[in-house]
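Notes follow the structure.
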Amino acid sequence: MSWTKLGDEWCQMTALEELSHEDRWHYLCMIQFCSRTDKRDGVMRGVDARRQSDHSDPASALAHLTDVGLLAIEPGDKYRIARIDEDDHLPSESVRRRTEGNKKRQQRKRAHDKGDHSLCREDADCHASVTRDVGTGRDGTGRDNTRKITPTNEWPVVHISKAPVCDVCLMPMLKDSVLTICETDDEAHDDARMRTAS
C-alpha cells in the first residue's frame with residue numbers, strides 16, 4: 001500500500017483556484033498514481049495521464065493543468081507533474097524502506113506459522129531445533145525422537161470413587177450423604193438447592 005502526502009495548504013494553492021473541481025480531482029488522481037507506482041520524477045505516459053480519474057474530458061483537464069503550471073508536457077506523449085517530491089507528496093525513502101521491511105517480516109511470519117522456516121533468519125530459535133539437509137527437501141519425519149514414550153502398563157492407576165458426586169460441580173461428597181448437592185455456597189448451588197426443595 002502506498003501513501004500520498006498532502007499539506008494542509010494544498011487546497012489553497014493559487015493554481016487550483018482557477019480549476020474546476022473535476023480538474024482538481026484529476027490532478028490529485030495523477031499525484032496518487034505517481035505515489036502508487038513509485039514514479040518519483042512525476043513523469044507518466046499520456047495514456048496513464050488521461051485515464052487517472054472519471055473526468056468526462058481528460059484531455060481538457062490536462063490542458064488546464066498545463067496552463068496553470070501544475071503539469072508539463074514531455075516529449076513522446078508524456079506528462080510530468082511539475083512539483084512532486086518527498087517533501088510534497090511521496091513517502092520518504094525511510095518510510096519506503098520501513099514499509100518494505102514490514103512486508104518481508106509479515107511474509108516470513110506467515111511462512112513460519114505454517115511450518116515453513118525457509119525464510120526464517122539463520123539465528124532464529126526455530127533453526128536451532130531443526131536439523132536440515134539443505135537442498136534435498138527431506139528433513140525427516142518431523143518427529144522428535146528424544147521423547148520417551150511411557151508404555152501403558154506403567155501409566156498411573158486411577159481409582160474411581162464410589163462416593164456420590166455433587167449434581168452441580170461434580171465434586172465427590174461424603175459417602176453417607178443423602179443430598180445430591182454439596183455444601184458449596186455460590187449461586188449455582190443455591191439455585192439447585194431451591195429447585196430440589198420445591
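Suppose we keep only residues that are of a type in the set (D, E, K, R) and in contact with a strand residue (DSSP E or B) (Cβ under 9 Å, 6 or more places away or on another chain) within segment 12-49. Which one would you say is nearest to Lys78 (Cα to Cα)?
First pass over segment 12-49, keeping only residues of a type in the set (D, E, K, R): 17-18, 22-24, 36, 38-41, 45, 48.
From the residues that got through so far, the ones that are in contact with a strand residue (DSSP E or B) (Cβ under 9 Å, 6 or more places away or on another chain) too are 39, 41, 45, 48.
Details: Lys39: 13, Asp41: 12, Arg45: 4, Asp48: 9 Å.
Across segment 12-49, the extreme among qualifying residues is Arg45.
Looking across Arg24, Arg40, Arg51, one residue alone is more than 30 Å from Lys103 (Cβ to Cβ), in contact with a helix residue (DSSP H, G or I) (Cβ under 8 Å, 6 or more places away or on another chain), of a type in the set (D, E, K, R) and not assigned by TED's automatic domain parsing to the domain that holds Asn102. It is Arg24.
Within segment 96-124, residues that are β-branched (Val, Ile, Thr) reach partners that are surrounded by 13 or more Cβ atoms within 10 Å (Cβ to Cβ) with beta carbons closer than 9 Å, at six or more positions or on different chains, in the pairs Thr99/Ser2; Thr99/Trp3; Thr99/Pro91. Of the helices (runs of 4 or more DSSP H) contained entirely in segment 4-53, those carrying at least 1 residues that are within 14 Å of Ile84 (Cα to Cα), without any contact (Cβ under 8 Å) to a residue 40 or more places away in the chain and not aliphatic (A, V, I, L, M) fall at 21-36. Restricting to segment 153-172, give me the number of residues that are under 21 Å from Asp185 (Cβ atoms) and outside any loop (DSSP other than H, G, I, E, B). Qualifying residue count, segment 153-172: 2. The single residue among Arg80, Arg96 that is under 30 Å from Glu9 (Cβ atoms), surrounded by 10 or more Cβ atoms within 10 Å (Cβ to Cβ) and modelled with pLDDT under 65 turns out to be Arg96. Just one residue in the set Thr141, Thr136, Thr150 is modelled with pLDDT of 75 or more, more than 30 Å from Ala188 (Cβ to Cβ) and either outside any loop (DSSP other than H, G, I, E, B) or polar (S, T, N, Q) (or both); that residue is Thr150. Of everything in segment 1-44 that is among the charged types (D, E, K, R) and over 33 Å from the mean Cα position of the chain (by Cα), the residue that is surrounded by the most Cβ atoms within 10 Å (Cβ to Cβ) is Asp23.
The values are calculated or read from the model by the stated rules, or taken from the named source; none is laboratory data. Note that this is a predicted model, so its numbers are computed, not measured. Here Cβ is always computed from backbone atoms with ideal geometry, including for glycine, and neighbour counts include all displayed protein chains.
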